[in-house]
Amino acid sequence: MMTNPVGRITQGQFSYLPELTDAEISLQVQYGLNKGYAWSVEYTDDPHPRNTYWEMFGLPMFELRDAAGVLMEVNNCRKTFPQHYIRLMAFDSTRGVETIVMSFIVNRPEREPGFALVRQETHGRTIRYTVRPYATDRPESERGSR
Amino acid sequence: MAAPLYQIPGQTASTAESATTEAAAAGTAVADPLQSARTVEEVLAQSQVSAVMDELDRDLIGLAPVKGRIRDIAALLVIDKLRMNLGLQAQAPSLHMSFIGNPGTGKTTVALRMAQILHRLGYVRKGHLIAVTRDDLVGQYIGHTAPKTKEVLKKAMGGVLFIDEAYYLYRPENERDYGQEAIEILLQVMENQRDDLVVILAGYKDRMDAFFRSNPGMSSRVAHHLDFPDYQPRELEEIAQRMLQSMHYRLSDSAIAAVHEYIPLRMQQAHFANARSIRNALDRARLRQANRLFAQKGRQLTRDELMTIEGEDIRASRVFT
């Protein structure tokens with residue numbers, strides 16, 4: 001059974017929607033800025049659902065007023081890592097919240113190979129299941145280039 | 001990967017189509033309230049530019065050439081808005097500026113106003129002013145400059161970036177100075193993201209001229225060179241009155257006469273910094289006034305006495321000796 005036949009990673013917000021355009025990303029970012037969130041850009045080539053800590057692209061951007069600054073950083077990251085997953089995250093520093101409140105993917109590799117289900121037979125007839133992304137089949141230095 | 005059993009709307013074939021409709025939707029979402037205006041008056045009424053211009057006229061004394069240029073720019077932006085409403089091409093003009101003038105001629109004050117005016121005209125989206133100097137842009141070691149400059153630029157997006165004493169960015173005596181790197185990043189953003197921010201370079205006349213001579217790229221990207229003339233003694237008197245008024249002080253008749261004498265004398269002395277010198281002189285006069293009142297310990301002081309600066313407070317200045 002395939003629950004996600006087009007193979008798109010669905011993580012964070014808007015991931016069931018078609019790719020957001022830059023104008024739409026700007027609107028989302030501006031919404032966050034108006035609420036006082038600090039945006040940051042992160043990237044990874046290992047899209048495992050449990051891989052929550054992606055690599056930071058630069059520092060989180062505090063004290064921004066306009067979405068153009070964030071978009072500049074996103075485009076910079078896209079240029080550097082065109083075949084990586086790139087996501088935008090908004091940090092809410094309100095006391096008691098102090099966490100990420102928005103997160104969505106703004107860049108994907110051209111080909112998203114999806115995941116393999118690995119079955120491990122253990123004691124008795126027990127089977128343990130593992131999800132393994134095909135994206136990490138190759139060593140890190142060779143991923144993304146095709 | 002298996003062929004999809006169903007299609008996510010806008011996934012492959014209809015991507016282009018959906019993208020355009022989305023862009024259009026996004027466009028209307030940030031719709032300009034000025035879009036339907038047809039006359040200059042309508043644009044002015046809706047953008048409240050004239051209020052800012054009046055304020056500029058009222059609050060800032062002298063500076064006629066600067067006000068004239070600001071009016072020109074405002075006029076161009078208003079007409080552009082009308083052209084755009086009628087579907088004529090109105091290419092966003094380059095609005096990077098340089099403010100050139102002696103110390104204390106109001107460069108920073110005007111820059112603040114400029115941010116407001118450009119915001120009301122809808123030229124910059126947020127209308128905030130980020131004031132920086134060399135220290136904020138140029139790093140301490142290799143690889144430090146680019147992130148630092150970019151961070152400042154990101155903060156300034158949607159507003160005005162005011163670079164005070166911009167000529168310090170370029171140090172010709174040291175060819176490995178990191179200032180050059182900051183200038184290159186600035187130039188790139190000034191060129192590519194003209195809609196997103198306006199850069200104002202400020203500095204003193206002779207050194208700014210040298211700066212632009214050695215950075216022709218910068219000079220050609222700055223469309224407006226505004227000269228801030230020195231103030232006349234009469235204007236400085238008016239400025240003094242204005243400053244005191246905002247601090248709830250006033251000059252007695254003898255103090256007015258003293259200020260009248262003080263200003264020409266101060267102007268001949270070294271390190272005269274126009275309005276800034278006047279502000280400092282007034283601050284010292286306030287100290288003397290406080291001292292004078294402090295000496296009369298037993299007496300009840302009236303509101304008037306607390307507000308008034310007397311001639312003797314001014315004349316105690318060492319300018320008169």
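The values are calculated or read from the model by the stated rules, or taken from the named source; none is laboratory data. The model shown is predicted, which means the values in this text are computed figures rather than measured ones. As a convention, Cβ positions derive from the backbone with ideal geometry for all residues, glycine included, and neighbour counts pool all protein chains shown. Ligands, DNA and RNA are excluded from the accessible area calculation, which covers all protein heavy atoms including side chains. Shrake-Rupley method; radii C 1.70, N 1.55, O 1.52, S 1.80 Å.
Observations on the structure shown:
- Residues in segment B:162-217 that are part of a loop (DSSP other than H, G, I, E, B), in contact with a strand residue (DSSP E or B) (Cβ under 7 Å, 6 or more places away or on another chain) and either of a type outside the set (A, V, I, L, M, F, W, C) or open to solvent by 70 Å² or more (accessible area, probe 1.4 Å) (or both): B:D164, B:E165.
- In segment B:241-295, the residues that are exposed (fewer than 15 other Cβ atoms within 10 Å of the Cβ) and of a type in the set (F, W, Y): B:F294
- Test: residue in segment A:64-78 that is surrounded by fewer than 16 Cβ atoms within 10 Å (Cβ to Cβ), of a type outside the set (G, A, S), assigned to a loop (DSSP other than H, G, I, E, B) and more than 8 Å from every other protein chain (Cβ to nearest Cβ): no
- B:D230 meets each of the listed conditions (1) in a helix (DSSP H, G or I); (2) closer than 20 Å to B:A111 by Cα apart from (1).
- Scanning segment B:35-54 for residues that are more than 17 Å from B:V124 (Cα to Cα) and not in a helix (DSSP H, G or I), we see that the one that is least open to solvent (accessible area, probe 1.4 Å) is B:A37.
- Residue within segment B:162-175 that is modelled with pLDDT of 90 or more and touching a His at 6+ places or on another chain (Cβ under 6 Å) present: no
- Single residue of segment A:107-146 satisfying the filter (outside any strand (DSSP E or B) and of a type in the set (S, T, N, Q)) that is surrounded by the most Cβ atoms within 10 Å (Cβ to Cβ): A:T136
- Restricting segment B:166-187 to residues that are touching a residue at least 40 places away in the same chain (Cβ under 8 Å) and within 20 Å of the chain's Cα centre (by Cα), the residue that is farthest from the other protein chains (Cβ to nearest Cβ): B:Y167
- Taking segment A:83-106 as the range and being in a strand (DSSP E or B) and farther than 15 Å from A:Q28 by Cα as the test, the residues that pass are A:Y85, A:I86, A:T99.
- Among (1) under 25 Å from B:Q232 (Cβ atoms); (2) open to solvent by less than 70 Å² (accessible area, probe 1.4 Å); (3) touching a residue at least 12 places away in the same chain (Cβ under 8 Å), the one test that B:R69 misses: (2)
- Cβ-Cβ under 6 Å pairs, at least 6 apart or on other chains, segment B:126-155 side away from every other protein chain (no Cβ under 13 Å), far side open to solvent by less than 50 Å² (accessible area, probe 1.4 Å) and in a loop (DSSP other than H, G, I, E, B): B:T133/B:D164; B:T145/B:V138; B:T145/B:G139
- Counting only residues that are β-branched (V, I, T), in a loop (DSSP other than H, G, I, E, B), surrounded by 15 or more Cβ atoms within 10 Å (Cβ to Cβ) and more than 9 Å from chain B (Cβ to nearest Cβ), segment A:1-52 holds 1 of them.
- Hits in segment B:266-285 - residues which are in contact with a helix residue (DSSP H, G or I) (Cβ under 8 Å, 6 or more places away or on another chain), under 19 Å from B:T321 (Cα atoms) and not in a loop (DSSP other than H, G, I, E, B): B:R266, B:M267, B:S277, B:I278, B:A281, B:L282, B:A285
- Any hit, segment B:251-261, residues being at pLDDT 90 or above, touching a strand residue (DSSP E or B) at 6+ places or on another chain (Cβ under 6 Å) and not in a helix (DSSP H, G or I): yes
- Scanning segment B:134-155 turns up no residue that is assigned to a loop (DSSP other than H, G, I, E, B) and within 19 Å of the chain's Cα centre (by Cα).
- A residue that is under 20 Å from B:K126 (Cβ atoms), more than 9 Å from every other protein chain (Cβ to nearest Cβ), free of Cβ contacts under 8 Å to residues at least 60 places away in the same chain and assigned to a loop (DSSP other than H, G, I, E, B) can be found somewhere in segment A:53-60.
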